Amino acid sequence: MSYLKYPSREDYELPKKNVLVISCMDLRLTDDLMAFLNFDNLENRYDHFILAGASLLCSPKLKKFFASGCYEQYSNWKQVQVDHLNLAIALHNIKDVYIVEHENCGAYSSFLDQQHTEVDLSTLKHEKKTHKKFASTLAREIHDEVRSEINREGEMERYQLGVHSFFIDLRGNVEVLDTLRAKKLH
């Protein structure tokens with residue numbers, strides 16, 4: 001029997017409401033991702049948006065790291081991610097987003113220009129740093145958008161989604177890359 005390593009309670013606040021999970025399409029980690037989500041008590045409480053590279057193509061701020069013409073070819077993926085997020089909020093009242101990056105991502109290797117940018121996937125340490133750069137950028141974009149809803153008393157409430165970024169290795173161990181707490185704004 002193997003024991004997987006997951007983040008501790010001190011690393012981030014567990015979501016109490018529904019969650020949108022943004023992850024890569026890599027089929028090697030499907031079961032490990034589901035086990036982690038169940039560990040976080042999210043069974044039957046998440047929408048799953050699967051996109052090659054997870055956060056990779058979701059932030060135009062980082063397009064300078066892509067191979068020539070690659071970002072432009074897939075630039076519509078950002079709008080698909082935004083539309084999916086907005087629909088998940090409307091249909092399932094999500095309050096948190098999990099961005100799950102992973103080791104040895106084929107999309108990162110295929111889309112990024114590793115020779116002419118500061119992207120480095122040569123070691124696990126550098127690979128995590130690269131994934132954190134992309135995941136944190138997307139996390140901040142999602143978190144910084146102020147959203148509104150009408151509460152039970154009929155009053156308008158403003159809030160920001162909580163966004164948590166994770167890195168899962170090929171053995172299924174998970175660690176936190178970044179976390180931004182959900183906030184109610186007054």
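We did not get these values from a lab; they are worked out from the coordinates using the rules stated. Please read these numbers as outputs of a predicted model, since none were measured by experiment. A quick note on method: Cβ atoms are made from the backbone with ideal geometry, for glycine too, and the neighbour counts reach across all protein chains shown.
Just a few scattered comments:
- Rounded FRET efficiency, nearest 0.05, which uses the C-beta distance separating Tyr3 from Asn86 and R0 of 35 Å: 0.35
- Antiparallel DSSP beta bridges within the chain, as percent of all bridges there, nearest 5: 45
- Net charge, Cys70 excluded, C-beta distance under 14 Å - Lys, Arg +1, Asp, Glu -1: +1
- Considering only Asn44, Gln81, Leu29, and ranking their Cα positions along the charge dipole of the stretch 19-185 that arises from unit charges at the beta-carbon of Lys, Arg, Asp and Glu, the one farthest toward the positive end is Gln81.
- Shape category assigned to the stretch 92-186 from the gyration tensor of Cα positions, a/c cut at 1.5: prolate
- Normalised contact order of the chain, rounded percent, pairs of Cα under 8 Å and 6 or more residues apart: 27
- Centre separation in Å (Cα based) which lies between the stretch 112-186 and the stretch 1-68: 10
- The number of Lys pairs in the stretch 19-185 with C-alpha atoms less than 14 Å apart, excluding pairs fewer than 8 positions apart on the same chain, is 8.
- Loop-located GluC sites (Glu not before Pro) in the stretch 101-176 (DSSP state not H, G, I, E or B) with no more than 16 neighbouring Cβ atoms inside 10 Å: Glu118, Glu145, Glu153, Glu155.
- Sites Ser122 and Glu157, calculated FRET efficiency, Cβ-Cβ separation with R0 35 Å, nearest 0.05: 0.15
- Global geometry of the stretch 1-106, whether rounded, prolate or oblate, following the gyration tensor of its Cα atoms and the 1.5 cut on a/c: oblate
- Rel. contact order, % - alpha carbon contacts under 8 angstrom, at least six apart, the stretch 103-168: 26
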